[in-house]
Amino acid sequence: MENRPNDACIETNVLDELLKLLKLEMIEENIFRGQSQDLGFGNVFGGQVLGQALSAASQTVPIDRRAHSLHAYFLRPGDATKPIVYTVDCIRDGRSFTTRRVVAVQKGRAIFSMSASFQIDEPGFDHQDEAPEVPGPEGLEREIDRARRLAERIPAGIREKILCKKPIEIRHVNPVDPFNPQKMPPVKYVWFKAIDRMPDDPAAQQYMLAYASDFNLVATTLHPHGYTFWQPEMQVASLDHAMWYHREVRMDEWLLYAMESPNAYKARGLAIGRIFTRDGKLVATVAQEGLIRYRGPLAR
C-alpha cells in the first residue's frame with residue numbers, strides 16, 4: 001500500500017482540535033462538559049478522560065498551583081459518540097496544597113473517578129533516577145508510518161481512524177509487530193511529542209501529558225507472553241492510573257517514555273512508566289494496572 005495519508009481523513013489542525021477537546025466547556029460552577037474523541041475502537045480512550053478530568057480540576061484551583069499527583073479509576077467503558085460531564089468536588093484548599101475529586105458521568109452513570117492534588121511552587125531537595133541510554137528519536141520510524149505500512153492488516157472497521165494524522169507523534173525504540181508478536185522482556189521505550197507548538201499554559205502541558213501517558217502502558221505487560229491487544233482473543237483495558245508530576249514539562253519537545261511491567265497475574269498486568277526530557281530530566285512517573293484477559297486456549 002502506498003505510504004500516504006488516508007483519503008478519508010479530514011484535513012484539520014489535529015493538535016488544536018485535541019487542545020479544544022481537553023479544555024472543556026464550563027456549564028455550571030465546578031461542572032464541565034467535554035466532547036469525546038473516536039479513535040476507532042468504539043470506547044473512549046482512557047487518556048482522553050484522564051486529560052479532561054485533570055483539565056476540569058485545574059480550572060478550580062488557584063493559578064499558582066500545579067498538579068503534582070493524580071489517582072484515577074476507570075469504572076465503565078465510555079461511549080466515544082457521546083459527551084462526558086465532569087463534576088469537581090473541592091475537597092480542600094490549604095496553604096500549600098489543594099485537593100480535588102472529579103467524577104466523569106455519561107448516560108447518567110459514573111464512568112471514571114479521580115483524586116488530584118496541587119501544590120504551590122516551593123524549593124526542596126532534588127534527586128532523580130538516571131534516564132536510560134537508548135537511541136534518540138532521529139531515524140526511528142514514526143508510528144503513523146508504521147501503521148500505513150501495515151495498513152492492509154489493520155481491520156477495515158478501524159483502519160480509517162488509525163491511518164489519519166495524529167496530534168502526538170510517537171516513535172518506538174523497540175517496536176513490536178502488532179500482528180505477529182514475539183515473546184520479549186516487559187520493557188518498552190517510546191519517544192513522543194506534540195506535532196506543533198503548544199500553549200505556554202502549564203496546566204495545558206500537564207493535562208496533555210496525562211492524555212499521552214495512557215498510550216502503550218498496558219501493552220508492555222503483554223510483551224513476555226507474545227500477545228498484543230490487536231489479537232481477537234485478548235480483552236485489554238485500563239483499570240486504574242496514577243501519575244506524579246516532578247518537574248516542568250513541555251509537550252512540544254521530545255520526551256522519552258520508559259516503561260516496564262513488574263507483574264502480571266489473575267488477568268491483570270501492572271506497568272510502571274518514567275517520562276524524561278531529551279536532556280535526561282525526570283518529569284513524571286506513571287503507574288497503571290490493566291485488564292489483560294485472555295480468551296483463547298490455556299497454552300500457547
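Readers should treat all values here as calculations from the given coordinates under stated rules, not as data from a laboratory. Since the structure is predicted, the reported quantities are computational estimates derived from the model, not experimental observations. Note that we place each Cβ from the backbone using ideal geometry, even for glycine, and neighbour counts take in every protein chain shown.
Restricting the trypsin sites (Lys or Arg not before Pro) of the stretch 215-268 to loop positions (DSSP other than H, G, I, E, B) with no more than 13 neighbouring Cβ atoms within 10 Å leaves Arg247, Lys266. Remark: the stretch 138-150, residue by residue, has Karplus-estimated 3J(HN,Hα) of 4, x, 7, 5, 5, 4, 5, 5, 5, 4, 5, 5, 9 Hz, where x stands for each Gly or Pro and the curve is 6.51 cos²θ - 1.76 cosθ + 1.60 at θ = phi - 60°.
Ranked from largest, the principal axis spans of the Cα set of the stretch 152-218 equal 42, 31, 17 Å.
Enumerate by residue number the trypsin sites (Lys or Arg not before Pro) in the stretch 146-228 meeting two conditions: DSSP loop (anything except H, G, I, E, B), and at most 16 other Cβ atoms within 10 Å of the site's Cβ.
Numbers: sites: Arg146, Arg148, Arg149, Arg153, Arg159, Lys161, Lys165, Arg171, Lys183, Lys188, Lys193, Arg197; in loops: Lys165, Lys183, Arg197.
Listed in order of number, the matching sites are Lys165, Lys183, Arg197.
Note on the chain: GNM, Cα springs under 10 Å; of Glu169, Glu141, Glu122, the largest mean-square fluctuation is that of Glu122.
Largest mean-square fluctuation among Thr285, Thr221, Thr60, in a Gaussian network model of the chain whose springs join Cα atoms under 10 Å apart, belongs to Thr60.
With +1 on the Cβ of every Lys and Arg and -1 on the Cβ of every Asp and Glu, and nothing else charged, how large is the dipole of the chain about its Cα centre, in debye rounded to the nearest 20?
1060
Comparing Gly47, Gly269, Gly108 in a Gaussian network model of the chain (Cα springs below 10 Å), the most mobile by mean-square fluctuation is Gly108.
Of the chymotrypsin sites (Phe, Trp or Tyr not before Pro) in the stretch 74-169, the ones in a loop by DSSP (not H, G, I, E or B) with at most 16 other beta carbons within 10 Å are Phe125. Mind running the shape call on the stretch 1-133? Use the C-alpha gyration tensor, a ≥ b ≥ c as the square roots of the eigenvalues: rounded below 1.5 for a/c, prolate if a/b tops b/c, oblate otherwise. It is oblate, given that a/c is not under 1.5 and a/b is not larger than b/c.
Charges were assigned to the Cβ only: +1 to each Lys and Arg, -1 to each Asp and Glu. The resulting dipole of the stretch 150-261 about its Cα centre is roughly 280 debye. Going by the alpha-carbon gyration tensor, a ≥ b ≥ c the square roots of its eigenvalues, is the stretch 72-133 rounded (a/c under 1.5) or, if a/c is not under 1.5, prolate (a/b greater than b/c) versus oblate? Verdict is oblate for the stretch 72-133.
Filter the cross-link list Lys188/Lys266; Lys107/Lys166; Lys82/Lys183; Lys166/Lys281; Lys166/Lys266 down to pairs whose alpha-carbon distance in this structure exceeds 30 Å.
Numbers: Lys188/Lys266 22 Å; Lys107/Lys166 28 Å; Lys82/Lys183 38 Å; Lys166/Lys281 26 Å; Lys166/Lys266 34 Å.
Pairs exceeding the cut-off: Lys82/Lys183; Lys166/Lys266.
Expressed as a fraction of 2.2 N^0.38 Å, the value expected for a compact globular protein of N residues, the C-alpha radius of gyration of the stretch 152-296 is 1.07.
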